[in-house]
Amino acid sequence: MPGHDLESFIKDVCCVEGGGVHLRHELSRNSTIRIGGKAMAWCVPENVDALAGIRRALTVYAVPYKVVGMGSNILFPDEDVEKAIISLSFPSFRDICLENGLVRAGAGLRMNELLSFSCRKGLTGFEGLAGIPGTIGGALVKNASCEGSISDHLVKVLLMDGAGNMRWVSKDEMGFGYRSSSILSDEVVVEGVFSIKEDDPDNVRSRVRDSFLRKMRKQPLEGLSLGSVFKNPEGMMAWELVDQVGMRGYRSGGAVVSVKHANFILNGSGARAEDVKNIIGEAQRRIRAEFGMTLELEIEVL
């Protein structure tokens, strides 16, 4: 480790490689449920070269780090996180363009930005993803879906490994499954390429609006949450299991199970990560006792 302190080292690395950094950054600001302590450093590389350089430097000096999108499915802890958090929020990671009938979208592009682009250009295929928070990168890692999957129209993905090497991976090589892909833990999605058909922009807007309104009627999209908490067991719906064991409206501290959709946990008022974890644990305990199964998490608990 260099002679100066760790935080100064991370700041120097980001400066040299290219990018901004915020020390002791409040993670709750970058969480869709508004929960989390402080990260040792919040690093924002300005391009793929900077991302590769920062990751290499942190690895060489054994500084733990995590790459995130917009924090839409990560439960950050209440206590401080002694890691560097790398955010792909710089504009260069949020590029989107249409080339020869293919949509190229950066990993940091938010889902709503993808849908806005599709509406403007009259591109159909993404409408069913309306209302899903997060970025393209995170959506591809988890194969986000609702009325269709992010992978349905995928052609290929650009991945970066821990050493900064880049490789294109075809859809067939991605090993997509329910809420899963074959992307390795040290690999970061840089870009996705999609094959999309053209349609009248007004028709696309109408379908996006209809999809969003359908979700609004069933899901608490207006609240602070991490989206669906549990994966659906094969042939079953997680929300029904949570509901059947009496967890709808269940509270722990400032967190509460949504009465609108029992697979959502909301930050009702001043919720902490421990409150959310208490609810998760209680739901799993009741379902295990009642049905003999353990629900798997769809969210990530850091």
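The values are calculated or read from the model by the stated rules, or taken from the named source; none is laboratory data. A quick note: this is a predicted structure, and the numbers were derived from the prediction, not measured. A quick note on method: Cβ atoms are made from the backbone with ideal geometry, for glycine too, and the neighbour counts reach across all protein chains shown. We work out accessible area using only protein heavy atoms, side chains counted, and drop any ligands, DNA or RNA first. Shrake-Rupley method; radii C 1.70, N 1.55, O 1.52, S 1.80 Å.
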### Query
For Gly175, are the conditions met, namely being over 25 Å from Leu221 (Cβ atoms), modelled with pLDDT of 90 or more, out of contact with any strand residue (DSSP E or B) (no Cβ under 7 Å at 6 or more places or on another chain) and part of a loop (DSSP other than H, G, I, E, B)?
no
### Query
Of (1) under 24 Å from Ser87 (Cβ atoms); (2) open to solvent by 50 Å² or more (accessible area, probe 1.4 Å); (3) in a loop (DSSP other than H, G, I, E, B); (4) in contact with a strand residue (DSSP E or B) (Cβ under 9 Å, 6 or more places away or on another chain), Ala163 satisfies all except one. Which?
(4)
### Query
Cβ-Cβ below 7 Å, separation at least six or inter-chain, first residue in the range 256-281 and touching a residue at least 24 places away in the same chain (Cβ under 8 Å) and under 13 Å from Ile299 (Cβ atoms), second open to solvent by 30 Å² or more (accessible area, probe 1.4 Å) and assigned to a strand (DSSP E or B): which pairs?
Lys277/Val301
### Query
What number of residues in the range 120-145 are open to solvent by 10 Å² or more (accessible area, probe 1.4 Å), assigned to a loop (DSSP other than H, G, I, E, B) and either on the phi < 0 side of the Ramachandran plot or acidic (Asp, Glu) (or both)?
3
### Message
Please verify whether Trp168 is open to solvent by 70 Å² or more (accessible area, probe 1.4 Å), within 30 Å of Ile33 (Cα to Cα) and touching a strand residue (DSSP E or B) at 6+ places or on another chain (Cβ under 9 Å), treating the condition exactly as stated.
### Response
no
### Message
Can you pull out every residue in the range 267-302 that is open to solvent by 70 Å² or more (accessible area, probe 1.4 Å), part of a loop (DSSP other than H, G, I, E, B) and either touching a Pro at 6+ places or on another chain (Cβ under 6 Å) or under 18 Å from Glu240 (Cα atoms) (or both)?
### Response
Thr294, Glu296
